[in-house]
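Bear in mind that the values in this text are calculations on the coordinates, not laboratory data. This structure is a prediction, so every number in the text was calculated from the model and none was measured. As a convention, Cβ positions derive from the backbone with ideal geometry for all residues, glycine included, and neighbour counts pool all protein chains shown.
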């Protein structure tokens, strides 16, 4: 069965610090990879996604993620966080087949102090 | 921008009561999903629906749950006899289903509180 592991449960940073959130998945075939963000009191929103091609993908709000196939990883990064980045971040994966469900990691809470 | 809408935003019910959560997916999407998120926990997949039938379901989606697309726009989740542990945020999502995207679009959620 597919699974997604997010190793950081709660990350606390000061503004302007750099961010890296880890994500590993287990699945033997071709996958689509996603990072979703959930701001306090809001719904899940897509930050970025990887399907194929350049393993370094750029998303909204200055976020990027790198797919390393050999490590089954898709870590999220941002060089300089802002207070408004305080949110819950979820890594998700689905097989590269039409209509398959997303499997989510447990999420990482990011708290940014100003 | 098209969006997934869910009603109600919050429902409080007594244990043992039936609850129906409603969703209007994005109009040209073909795949529909329900997820839930118990407070403080991860987002869990419940069920996916395509071509008027369930295409996948998780272990959570037992006989107490059912889904339906009663008309061309709504997608509903019914819980027949609610339990305390059904208290959660329930998210509906839809996708176009094309292999090249796989992106799910989520609604804002329906918070269910079972007393």
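Which residue fluctuates most in the GNM of chain A (Cα springs below 10 Å): A:59, A:28, A:41?
Maximum among the listed residues: A:41.
If the convex hull of the alpha-carbon atoms of segment A:1-50 is projected onto planes in all directions, what is the mean projected area in square nanometres?
The orientation-averaged projected area of the Cα hull of segment A:1-50 comes to 4.9 nm².
For chain B, report the translational diffusion coefficient in µm²/s to the nearest whole number, using Stokes-Einstein at 4 °C, 1.567 mPa s, and a Kirkwood Rh over Cα pairs. Walk me through the numbers on the way to the answer.
Working: Rh = 14.1 Å.
For the chosen part, D equals 92 µm²/s.
Report the equivalent ellipsoid semi-axes for segment A:22-68 in whole Å, largest first, defined as the square roots of five times the eigenvalues of the gyration tensor built from alpha carbon atoms.
Details: eigenvalues 87, 36, 15 Å².
Ellipsoid half-lengths, sorted descending, are 21, 13, 9 Å.
Report the semi-axes of the equivalent ellipsoid for segment A:1-98 in whole Å, largest first, where each axis is √(5λ) for an eigenvalue λ of the Cα gyration tensor. Present the calculation step by step, with values, prior to reporting the outcome.
Numbers: eigenvalues 105, 38, 33 Å².
Semi-axes from the Cα gyration tensor: 23, 14, 13 Å.
Please build a GNM for chain A, connecting alpha carbons under 10 Å apart, and tell me which residue among A:74, A:104, A:90 fluctuates the most.
A:104
Any chance you could list P(r) for the protein assembly as shown, counting all Cα-Cα pairs in 5 angstrom bins from zero, rounded to whole %?
It works out to 1, 7, 14, 19, 19, 16, 12, 7, 4, 1, 0, in whole percents.
Convert 4 °C to kelvin, take the viscosity as 1.567 mPa s, use the Kirkwood radius over C-alpha pairs of segment B:49-115 as Rh, and evaluate the Stokes-Einstein diffusion coefficient in µm²/s, rounded to a whole number.
95 µm²/s
For an R0 of 25 angstrom, estimate the FRET efficiency from the Cβ-Cβ distance between residue A:58 and residue B:50 and round to the nearest 0.05.
On the way: r = 31 Å, r/R0 = 1.25.
For residue A:58 and residue B:50, the calculated efficiency is 0.20.
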